[in-house]
Amino acid sequence: MALTVFNPDGLKQRPACVLFDTDNTLYAYDPAHEQAMEATRQKAERQLGIAPRTFDDAFAEARRQVKARLHGTASSHSRLLYFHRMLELVGLRTQVLLALDFEQTYWRTLLTAAQIFDGAKEFLDDLRQLGIPTVIITDLTSQIQFRKIVYWGFDSYFDYVVTSEEAGQDKPHAAPFELALEKIGKVGGPLWMIGDNPVTDIRAARIHAGAVTLQKRHEGVQVLDGELRPDAAFDHFAELRRLLSSQA
């Protein structure tokens with residue numbers, strides 16, 4: 001599909017700054033996550049004899065408990081905490097070394113399995129050549145998000161990074177956006193937000209940053225109506241490159 005524009009007036013000018021979500025916006029999260037979970041599941045079965053179904057059920061319950069306890073914080077996404085609690089739930093009590101090992105297996109697999117979306121780096125190159133500053137606004141802890149950025153070679157493309165750990169709250173809270181705006185300073189023109197989630201990226205960026213919103217559309221992503229509808233939706237970053245080249 002081609003770029004779908006819902007608000008033509010918002011896209012008449014080039015952005016003065018572009019904010020980016022990371023997970024499921026710059027790369028496809030779900031396939032990489034599934035491979036990472038499978039690698040960890042196999043390790044748990046091989047080393048501990050934990051059946052795959054038992055692993056999945058305990059992990060799901062551990063994730064639910066951690067999120068309920070730490071809702072809205074970066075730690076609520078911590079795979080280390082999920083695996084730590086999962087091992088307790090299967091009756092092994094606290095197993096610090098195993099929890100660390102499982103977390104490293106998960107992230108190592110996800111990093112190597114992840115597929116960066118076609119054209120993403122080329123679009124970032126276009127922004128850099130035009131002198132348009134860029135900022136990542138992302139949930140999760142800084143350590144793993146920094147690892148992703150460096151591993152995939154994004155560290156030279158972005159002027160600033162804001163994590164929910166640094167801001168103190170996950171999106172859609174105002175705090176990450178406020179911190180991003182504080183870091184950017186006055187930009188003197190339209191602000192863009194590029195993300196996949198209609199609540200945490202699209203509506204939140206519009207409310208908290210006054211941003212023109214562009215939603216990355218791919219399998220598992222829904223473009224919604226009303227206040228959750230983006231100003232534009234795109235399938236490939238090449239569409240944004242063409243849009244950028246057509247703007248004054």
| task | Would you tally the net charge around LYS148, using a Cβ to Cβ cut-off of less than 11 Å, leaving LYS148 out, and scoring K and R as +1, D and E as -1? | result | -1
| Net charge of Cβ neighbours under 13 Å - reference GLU61; Lys, Arg +1; Asp, Glu -1 | +3
| query | Which one of LEU70, LEU97, VAL5 has its Cα pushed farthest toward the positive end of the charge dipole of the range 1-105, where Lys and Arg give +1 and Asp and Glu give -1 at the Cβ? | reply | LEU70
| note | Taking a crude spin-label model, label points 7 Å out from Cα along the C-beta direction, the GLU178 to SER245 distance in nm is 4.1
| field | Sequence-separation-based contact order of the chain, relative, with Cα cut under 8 Å and 6+ spacing, percent | value | 29
| message | Give me the one-decimal Kirkwood hydrodynamic radius in Å for the chain, with the sum taken over alpha-carbon pairs. | response | 19.0
| said: Let me spell out the model: positive unit charges on the Cβ of Lys and Arg, negative unit charges on the Cβ of Asp and Glu, origin at the Cα centre of the chain. What dipole size does that give, in debye rounded to 20? | reply: 280
| How long are the three semi-axes of the equivalent ellipsoid of the range 3-50, in whole Å, if each is the root of 5 times an eigenvalue of the C-alpha gyration tensor, listed from largest down? | 43, 11, 6
| said: Can you give me the solvent accessible area of TRP107 with a 1.4 Å probe, rounded to the nearest 10 Å²? | reply: 10
| How much of the accessible area of the range 1-124, probe 1.4 Å, is carbon plus sulfur, in whole percent? | 51
| query | Top to bottom by accessible area (1.4 Å), largest first, where do SER164, SER246 land? | reply | SER246, SER164
| note | Averaged per residue, the 1.4 Å probe accessible area of the range 8-66, protein heavy atoms only, in Å², is roughly 47
| said: Per-residue counts of other Cβ atoms within 10 Å, averaged by peptide: what ranking do you get for 76-85, 231-240, 48-57, highest first? | reply: 76-85, 231-240, 48-57
| Which of the lysines could a cross-linker bridge to LYS148, judged by Cα under 27 Å and excluding same-chain residues fewer than eight apart? | LYS43, LYS67, LYS121, LYS171, LYS183, LYS216
| request: Report the accessible area of GLU88, computed with a 1.4 Å probe over the heavy atoms of all protein chains in place, in Å² rounded to the nearest 10. | output: 50
| note | With the range 1-107 reduced to its Cα atoms and the Debye formula applied, log10 I(q)/I(0) at q = 0.14, 0.16, 0.20 1/Å amounts to -0.64, -0.76, -1.05
| note | Per the C-alpha gyration tensor (a ≥ b ≥ c, the square roots of its eigenvalues), the range 128-185 is rounded if a/c is under 1.5, else prolate if a/b beats b/c, else oblate; here it's oblate
| query | By its C-alpha gyration tensor, with a ≥ b ≥ c as the square roots of the eigenvalues, how is the range 116-221 shaped: rounded for a/c under 1.5, else prolate for a/b larger than b/c, else oblate? | reply | rounded
| said: On the Cα set of the range 165-248, report Rg and Dmax in Å, please. | reply: 13.3, 38
| Of the listed peptides 115-121, 58-64, what is their order by residue-averaged count of other C-beta atoms within 10 Å, with the highest listed first? | 58-64, 115-121
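The values are calculated or read from the model by the stated rules, or taken from the named source; none is laboratory data. Here the structure is a predicted model, which means the values were calculated and not measured. With ideal geometry, Cβ positions are generated from the backbone for all residues, glycine too; neighbour counts draw on all protein chains shown. The accessibility values were calculated without ligands, DNA or RNA, using every heavy atom of the protein model including side chains. Shrake-Rupley method; radii C 1.70, N 1.55, O 1.52, S 1.80 Å.
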